[in-house]
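Notes follow the structure.
The values are calculated or read from the model by the stated rules, or taken from the named source; none is laboratory data. None of these values were measured; they are calculated from a predicted model. For neighbour counting, all protein chains shown are included, and Cβ atoms are generated from backbone atoms with ideal geometry for every residue, glycine included. The area values use the complete protein model at the heavy-atom level, side chains included, leaving out ligands, DNA and RNA. Shrake-Rupley method; radii C 1.70, N 1.55, O 1.52, S 1.80 Å.
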Amino acid sequence: MILMSDIIREGHPTLRQRAEQVEFPLTEENRKLAEELMEYVVNSQDEEMIEKYDLRPGVGIAAPQVNEPKRIFAIHFDEESGEDLSIIAINPKIVSHSVEKAYLASGEGCLSVDRSIPGYVPRYARITIKAFDLEGNEYKLRLKGLPAIAFQHELDHLNGVMFYDHINSDNPFAEIENAVAITRDIAE
Ligand code: 4LI
Ligand code: NI
């Protein structure tokens, strides 16, 4: 299983690389990687597992964060979160997006970033995505709200982009044109 000690932190060059496309059928290694990414996010939202393994909670994690520069990530929102999304995304892409933007009013956090970096991270409010599952079947989804934010955050990791690259360096809390604030807490 993936532990915090397996997660690389900002400054590691893999986080700045463009990750490689994954081929199908999946190798045993890539299947295990994808499943372990999902296992991490599920465990990281479980009080007992957090305590036992000293996990940091997250809703998403991407393969480059465990030093595997491959185009795979997992996103999981517990049913209690009010969101309904649990996906392994392989070779994911955004096929269309809203003009409207959105940002988390509390800012974004990242398992690879051990400090709190204040500021608004502008994202698309709504996206239509395509990705492949473990079996190599392509699927299409429309996402909004927190799932849309998380998807864009994780897709950035596959392109060597960190969330703070998007923060306005002159004024981290500058108003974002045409954007809605997302104020609801993820863990509630
Ligand atoms: C416990 C159990 C306040 C501060 C509010 C915690 C279950 C920040 C928000 C969680 C913030 C769960 C999260 C992300 C933020 C902040 C990610 C807690 C896990 C909140 C997820 C990828 C950005 C996603 C909303 C600096 C590791 N996650 N909070 N951002 N939660 N979590 N991101 N922002 N301010 N990061 O971090 O998984 S997109 Cl679910
Ligand atoms: Ni991250």
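General remarks:
- Scanning region 39-71 for residues that are open to solvent by less than 30 Å² (accessible area, probe 1.4 Å) and of a type in the set (A, V, I, L, M), we see that the one that is farthest from Asp156 (Cα to Cα) is Leu55.
- Exactly one residue among Glu20, Glu35 is touching a strand residue (DSSP E or B) at 6+ places or on another chain (Cβ under 6 Å), within 25 Å of Arg142 (Cα to Cα) and more than 16 Å from ligand 1 (Cβ to nearest atom), and that residue is Glu20.
- Here the condition is being among the basic types (Lys, Arg), farther than 16 Å from Phe163 by Cβ and in contact (Cβ under 8 Å) with a residue 40 or more places away in the chain; of Arg18, Arg56, it holds for Arg18 alone.
- Among residues that are more than 30 Å from Lys32 (Cβ to Cβ), open to solvent by 50 Å² or more (accessible area, probe 1.4 Å), away from ligand 2 (no atom under 13 Å from the Cβ) and in contact (Cβ under 8 Å) with a residue 40 or more places away in the chain, Phe132 is not included.
- Residue selected from region 92-102 under the condition open to solvent by less than 30 Å² (accessible area, probe 1.4 Å) and either within 14 Å of ligand 2 (Cβ to nearest atom) or more than 14 Å from the chain's Cα centre (by Cα) (or both), by the criterion nearest to Arg126 (Cα to Cα): Ser98
- Within region 13-30, tally of residues that are open to solvent by 60 Å² or more (accessible area, probe 1.4 Å) and either basic (Lys, Arg) or assigned to a loop (DSSP other than H, G, I, E, B) (or both): 8
- In the condition set (1) of a type outside the set (Val, Ile, Thr); (2) near ligand 1 (Cβ under 10 Å from one of its atoms); (3) more than 14 Å from the chain's Cα centre (by Cα), Ala62 is compliant with all but (3).
- Here the condition is being open to solvent by less than 30 Å² (accessible area, probe 1.4 Å), touching a residue at least 24 places away in the same chain (Cβ under 8 Å) and more than 18 Å from Ala34 (Cα to Cα); of Pro147, Pro118, Pro122, it holds for Pro147 alone.
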